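Okay, here's the structure, questions in a sec.
The values are calculated or read from the model by the stated rules, or taken from the named source; none is laboratory data. The model shown is predicted, which means the values in this text are computed figures rather than measured ones. Cβ sites come from the backbone with ideal geometry, for glycine too, and all protein chains shown count toward neighbours. Calculation scope for accessible area: heavy atoms of the full protein, side chains included, ligands and nucleic acids excluded. Shrake-Rupley method; radii C 1.70, N 1.55, O 1.52, S 1.80 Å.
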Amino acid sequence: MTTPATILKQTFGYDTFRPLQKEVIENILVRRDTLAVMPTGGGKSLCYQIPSLLFDGLTVVISPLIALMKDQVEQLRAYGVPAVFLNSSLTPQEYQENMEHIQRGEVKLLYVAPETLLSTRILTLLSGLKVDCLTIDEAHCISEWGHDFRPEYRQIVEVRKRFPDAVCLALTATATSRVRQDIRGTLKFSNTNEFVASFNRDNLYIEVAPKRDANAQTIKLLQRYKDQSGIIYCFSRRQVDELSAYLASKGYSARPYHAGLDDAERKRNQEAFIRDDVQIIVATIAFGMGINKPNVRFVIHYDLPKSIEGYYQEIGRAGRDGLPAHCLLLYSYSDVAKLNYFIEQKTGEEQRVAMQRLNAIVRYAEDEFTCRRKPLLNYFGESYSADNCSTCDNCTSAPTTLTDITIPAQKFLSCVKRADEKFGAGHIADILLGSKNEKVLRWGHEKLSTHGIGGEMNKKQWMHLARQLVQMGYLQQEGEFHTLSLTARALESLRKRQSIMGVVQEAAERVKKSREKKVEIEYNNALFAILRQKRKDMADEAKVPPYVIFSDKTLIEMAAYYPQSTGSLLNISGVGQAKAEKYGGAFLAVIKAFCEKRSLNEKTPPSPSSTPKREKTVESGELGGRTLLIAQAFHEGASVQGLMERHQVTMGTILEHLTKYVSAGNQLRNGADLQALISATPEQQQAAFDAFDEFSPTYLKPVYEKLNGTLTYDELKILRMMYLISKQG
């Protein structure tokens, strides 16, 4: 009997469903109208593709993105699924041929744009067919509250009435509760048939950095992802053209993509990117990319996005294959001013909503203390409870020591009050610094008692302090000019002279710990490179994007397990029956030749049905595969320095892994290498060991404070390892 699970494995080559996929598919199969909100890369497409193969009739997919239709149809055909699209990119002959395939019942999936669906020609075609499912992709376009509202989407409701027996599935990756309510109401859905998956994408490393030298900051990230695919978003077409030309002059493979290019050039550039002929696409934020490229390893926001919804959707284009990806947002006040200017051209409700969205993304960008995922997920109504996500800049920052900022905080709060709570942080900082610029003199603020009392800090430091006071709830920031006013907490603090702890920003940028790259399995890089080239050659010959053949994740598993037969190949993620028959022989030949030359044997992948047995830790309950790999290598004689280079992480990260391993009760040798790293005196070592006896080695902060900061955290991590090894007996 054919089931969703058998189609998942035999057709698409996957062993298990992603979160909520199974529930949504089952809901569709019993013909309940469904709204599914799932993150980009969360597997939305399978929610209608699998039912389409179980329904007798046709599944119609309504999508606003022509390029995405072509992309998905090519992938489906590679899996052996009969699918076509109808849109303006086809020649008249191709259009007619596709219509004839549909009329003859040879198609299971039809992709159309809303405008195409609403045409008399297509409605007449569909009226003579059995339509089992109507899928509305990018369903947030229905809602006036969505970030990408399209009026033609509202007319889809009328099309539904023509097919009363067809079940309807609405899909989106970005929808606040208000947008979801609007979608349900417009499409007449029941509340009980809504599925909202977690918006968290834990394979994305999220970073916000002050924009200083944007070109240099961009190049720095590109150097980390040599020959990898990425997208850079800019605010204007001019910026797109200038940046793509600059990158090309530096030897990078980059092309522009925006609405100002003619259709042919835009299509050429996108195709080159999709087919891995071009590494980087530089695009306007305002123009949707409409791609389904899974191996995008980085997304850079060169300029500030207009909203959190847009930002979330754009970073969602990274790491759709589930592998680690980097998302960098460069932030500056000039970007805020630029967006403010355009918002001022709007009026009424439109202006108010745009300002709300801008304020939300500004608060997000300026928060230097909270895990990036918390405000991002909270915006979509989801709470994130973990104290440390380990994959954002704020969570991987070096430990920040809080200091008493009571006096500068009181100065700032008092100045806000004396300026009648009508101004933004920049003006308050100018008053404190004793500025006599035009605005200060115009308002008579040079006469305030707080004028010139803040010379101990520069303007940048005062602005940083202001952001902290907002985040800590002492100040409220509102309106297009980010006007500051005191909260009840601030008034009480001033009245009672309560102490306030925070951070005084140094002149230099905060030091970030190099993040640990999240890798699922260890694989042979040389074989992976050969397999990628084989994939590229086959894709060029077939005139399809490389990932239509196999994804990077699939090639990584091949390079890890060295499958030697078709049966073994079918155990690799993403290899179904059709792909094994079509491409398997060519890839097996490459793998066999590589293995024979190096005397490598096939390895057995871990069974998806059984939970891998992992060694337990005291704190987290289990040890990750990365921890076990590092501990085993160290145990066998690898140095800390060698492990740092191999895994591209800091010494502190290596020591954290080793500490987890030993804390779980596992034996670890090779202490001589640790001894060589110690710079502390024998007296300092003994003092640290005594402090570990007193406070336990679980947390370093009490030990650090006990020793009055005479040893750094990295030095304490080394000594903690020595301490734990000494206790093993």
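I need the shape label for the chain. Rule: rounded when a/c is under 1.5, else prolate if a/b > b/c, else oblate, with a, b, c from the alpha carbon gyration tensor.
oblate
Further, regarding this structure: Hey, any idea what % of segment 131-222's accessible area is carbon plus sulfur with a 1.4 Å probe?
Of all accessible area on segment 131-222, carbon and sulfur atoms account for 44 percent.
Next question, about the same structure. Please list the non-local residues whose amide H lies under 5 Å from the amide H of ALA170, H modeled 1.01 Å from N, same-chain partners needing a gap of 5 or more.
THR34, LEU35, ALA36, ILE136
Would you calculate the separation in nanometres between label points at SER565 and TYR333, each defined as 7 Å from the Cα along the Cα-to-beta-carbon direction?
Going from the SER565 label point to the TYR333 one covers 6.9 nm.
Something else about it: Give me, ordered by chain and number, the residues 5 or more places off VAL131 or on other chains with an amide H under 5 Å from its own placed amide H.
Answer set, sorted by chain and number: LEU58.
Under a 1.4 angstrom probe, counting protein chains only, how are ASP714, ASP213 ranked by accessible area, largest first?
Highest to lowest solvent-accessible surface, that is ASP213, ASP714.
Let me cross-check LEU570: its accessible surface, 1.4 Å probe, with only protein heavy atoms counted, in Å² to the nearest 10?
40 Å²
Also: Could you give the length gained by full extension between LYS220 and SER190, i.e. 0.36 nm per residue of separation minus their alpha carbon distance, to one decimal place?
Going from the current span to full extension adds 5.9 nm.
Return the distance in nm (one decimal) between the two label points of a simple spin-label model at LYS592 and LEU118, each offset 7 Å from Cα along Cα→Cβ.
In this crude label model, LYS592 to LEU118 measures out at 5.6 nm.
Just subtract the alpha-carbon distance of PHE369 and ILE678 from 0.36 nm times their residue separation and send over the number in nm, one decimal.
Working it through step by step, the gained length comes to 108.1 nm.
With every protein chain left in place and a probe of 1.4 Å, what is the accessible surface of LYS553, to the nearest 10 Å²?
We get 80 Å² for LYS553.
How long are the semi-axes of the ellipsoid equivalent to segment 100-230, from square roots of 5 times the Cα gyration tensor eigenvalues, in whole Å, largest first? Display every interim value, and only then the final one.
Working: eigenvalues 291, 85, 42 Å².
Over the Cα atoms of segment 100-230, the semi-axes work out to 38, 21, 14 Å.
GLN410 versus SER236, label points 7 Å from Cα toward the beta carbon: distance in nm?
4.7 nm
Here is a follow-up. Which sequence of LEU433, LEU171 reflects their accessible areas, 1.4 Å probe, from the largest down?
Values: LEU433 70, LEU171 0 Å².
Descending order: LEU433, LEU171.
Top to bottom by accessible area (1.4 Å), largest first, where do LEU707, LEU358 land? Could the numbers behind the result be given before it?
On the way: LEU707 25, LEU358 0 Å².
I get LEU707, LEU358, largest accessible area first.
Same structure again: Would you check the accessible area of SER551, probe 1.4 Å, heavy atoms only, in square angstrom rounded to 10?
Using a 1.4 Å probe on the heavy atoms, I get roughly 30 Å².
Would you mind calculating the relative contact order of segment 67-172 from Cα pairs under 8 angstrom and at least 6 residues apart, reporting the percent as a whole number?
Computed value for segment 67-172: 23 percent relative contact order.
Here's a follow-up. Over the Cα atoms, compute the radius of gyration (one decimal) and Dmax (the largest Cα-Cα distance, rounded to a whole number) for segment 49-89, in Å.
Just the Cα atoms of segment 49-89 yield Rg and Dmax of 10.5, 29 Å.
With N set to the residue count of segment 7-155, report its C-alpha Rg divided by 2.2 N^0.38 Å to two decimal places.
Numbers: Rg = 15.1 Å, N = 149, 2.2 N^0.38 = 14.7 Å.
Here the answer is 1.03, to two decimals.
Determine the percent antiparallel among the DSSP beta bridges restricted to the chain, to the nearest 5.
Around 10 percent of the beta bridges assigned by DSSP in the chain are antiparallel ones.
Find how much the distance from GLU382 to SER499 grows on full extension, using 0.36 nm per residue of separation minus their present alpha carbon separation; answer in nm with one decimal.
38.8 nm
What is segment 166-308 by shape, rounded, prolate or oblate, if you read a ≥ b ≥ c off the alpha carbon gyration tensor as root eigenvalues and call it rounded for a/c under 1.5, prolate for a/b larger than b/c, and oblate otherwise?
prolate
Moving to a separate point now. Pull out a ≥ b ≥ c, the square roots of the eigenvalues of the alpha-carbon gyration tensor of segment 343-424, then state rounded if a/c is under 1.5, prolate if not and a/b is larger than b/c, and oblate in the remaining case.
Oblate.
Could I ask something else about it? Give the relative contact order (percent, whole number) for segment 367-412; include only Cα pairs under 8 Å separated by 6+ residues.
Working: 27 pairs, mean separation 16.3, N = 46.
Dividing the mean separation by the residue count of segment 367-412 yields 36 percent.
From the backbone phi of segment 176-187, what are the Karplus-calculated ³J(HN,Hα) couplings (6.51 cos²θ - 1.76 cosθ + 1.60, θ = phi - 60°) in whole Hz, Gly and Pro given as x?
The phi angles translate into 6, 4, 5, 5, 4, 4, 5, 4, 4, x, 5, 8 Hz.
Relative contact order (percent) for the chain, with alpha-carbon contacts under 8 angstrom and 6 or more residues of separation?
11 percent
Using 1/(1 + (r/R0)^6) with R0 = 25 angstrom and r between the beta carbons of TYR246 and TYR341, what's the FRET efficiency to the nearest 0.05? Working shown, then result.
Values: r = 25 Å, r/R0 = 0.99.
Once rounded, the FRET efficiency stands at 0.50.
Return the sequence-ordered ³J(HN,Hα) values of segment 324-337 in whole Hz as given by the Karplus equation 6.51 cos²θ - 1.76 cosθ + 1.60 applied to θ = phi - 60°, using x for Gly and Pro.
Residue by residue, segment 324-337 yields x, 8, 10, 10, 10, 10, 8, 10, 8, 5, 5, 5, 4, 4 Hz.
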